[in-house]
There are 2 protein chains.
Amino acid sequence: MKALEERIVKEGKVLPGNVLKVGSFLNQQIDVALLFDMGAEVARLYANCGVSKVLTVEASGIAFAVAVAHAMGVDAVFAKKNKSSNVSGDVLSAKVHSYTHGTDFDIIVPKDYIKPEDKVLIVDDFLANGCALEGLASIVSAAGATTVGAAIEIEKGFQHGGDALREKGMRVESLAIIESMENGVLRFRN
Amino acid sequence: MKALEERIVKEGKVLPGNVLKVGSFLNQQIDVALLFDMGAEVARLYANCGVSKVLTVEASGIAFAVAVAHAMGVDAVFAKKNKSSNVSGDVLSAKVHSYTHGTDFDIIVPKDYIKPEDKVLIVDDFLANGCALEGLASIVSAAGATTVGAAIEIEKGFQHGGDALREKGMRVESLAIIESMENGVLRFRN
């Protein structure tokens, strides 16, 4: 998506450890007009796929999930990262490794939020090694539901998590795929 | 807001410790149509107030902030709860006490996301004692900006945080105010 790539080039900051900071327009501060254009683009890509629910993981996936769900006219669900006092009853869970924070964490969704008949679109802000996506897909499987595919704001193509998932047969649509960011220079996949 | 009150009565669950669980339509699972109706109602309440930015705190405030910001045609900002490796540079912060989790935490916003000329609408999912709202308002003050008011999905009126803030002169608009929830019976303020 051209408008997103241009914005990443203009405002994204490359930090040590291949961290791309887009907090000024896609994370802690959100350009809501751009976000809803991105949601509409995902709705176009997954039109006629029967998507009945959008699934993401807190916290940075929530804004994108809301914009996508709004464009598709369906509800959104987000997995929580820890069992809090506000989650009760039977839950579906998966373990995810965070390379950013160097830790493992559980992602949790109450069982009755994903029904066996649901066709789920998984969305997230970043895709690097694909751990979060795999965890979310395993939750969909455990619910007996179907993963239609995934929609990602920004994929780090050089970390190959997206390609590995595509080889396994998952449809993964990323609005921007960064092929390399060496020496702070961003190059996108065509 | 009638539709919200009706939904709370229909699906909300009262747990021990005056916890109201609305996870099936306003938190982990989001009824996106209702959420955007709520965003439109907030935009109506704060029309012609010159709001230039919507501010909330992660994670459960993000969805509402996005819906409100979309309805008002402005950008959204969310405070993070801990200094993570993705936040760099100068930040504004405030300490907040969580009665739900029984802990203190810092909320953090990069300095350049709130400008002195900003007129900020603070939004959140719940208002009980008002600690999160006060923390967010102190961040707006520290940025030299103006808090126009607050918009809340559900206020627990019996915990009086909202009334205390109104007495101090803050405009606080809550889409539903629960006056009591004794024995699991919900009563709303008129």
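The values are calculated or read from the model by the stated rules, or taken from the named source; none is laboratory data. Small disclaimer: the values here were computed from a predicted structure and weren't measured. We place every Cβ from the backbone using ideal geometry, glycine too, and count neighbours over all the protein chains shown. Heads up: the accessible areas ignore ligands, DNA and RNA and are worked out on the full protein's heavy atoms, side chains in. Shrake-Rupley method; radii C 1.70, N 1.55, O 1.52, S 1.80 Å.
Data overview
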quantity	calculated
Any strands (runs of 3 or more DSSP E) falling wholly within the range A:5-63 and containing at least 2 residues that are modelled with pLDDT under 95	A:13-15, A:19-21
Residues satisfying the stated conditions in the range A:17-56, i.e. under 30 Å from A:G144 (Cβ atoms) and among the small types (G, A, S)	A:G39, A:A43, A:A47, A:G50, A:S52
Hits in the range B:52-64 - residues which are open to solvent by less than 20 Å² (accessible area, probe 1.4 Å) and in contact with a strand residue (DSSP E or B) (Cβ under 6 Å, 6 or more places away or on another chain)	B:V54, B:L55, B:T56, B:V57, B:G61, B:I62, B:A63, B:F64
Positions within the range B:1-30 being buried (at least 18 other Cβ atoms within 10 Å of the Cβ), more than 17 Å from the chain's Cα centre (by Cα) and without any contact (Cβ under 8 Å) to a residue 60 or more places away in the chain, in sequence order	B:R7, B:S24, B:Q29
Residues of the range A:32-51 satisfying the condition of being more than 8 Å from every other protein chain (Cβ to nearest Cβ), open to solvent by less than 10 Å² (accessible area, probe 1.4 Å) and within 20 Å of B:L34 (Cβ to Cβ)	A:G39
Odd one out for B:N183, checked against (1) of a type outside the set (D, E); (2) at pLDDT 95 or above; (3) open to solvent by 40 Å² or more (accessible area, probe 1.4 Å)	(2)
Options A:K168, A:K156: the member that is buried (at least 22 other Cβ atoms within 10 Å of the Cβ) and farther than 28 Å from B:V22 by Cα	A:K156
Residue pairs meeting the criteria (Cβ under 7 Å; at least 6 apart or on separate chains; first charged (D, E, K, R), in the range B:66-77; second open to solvent by less than 10 Å² (accessible area, probe 1.4 Å))	B:D75/A:I30; B:D75/A:V32; B:D75/B:A69
Any hit, the range B:67-76, residues being within 26 Å of A:L55 (Cα to Cα), facing another protein chain (nearest Cβ under 10 Å) and either part of a strand (DSSP E or B) or basic (K, R) (or both)	yes
Residues satisfying the stated conditions in the range A:167-190, i.e. farther than 19 Å from A:D125 by Cβ and outside any strand (DSSP E or B)	A:E167, A:K168, A:G169, A:E182, A:N183, A:G184, A:V185, A:N190
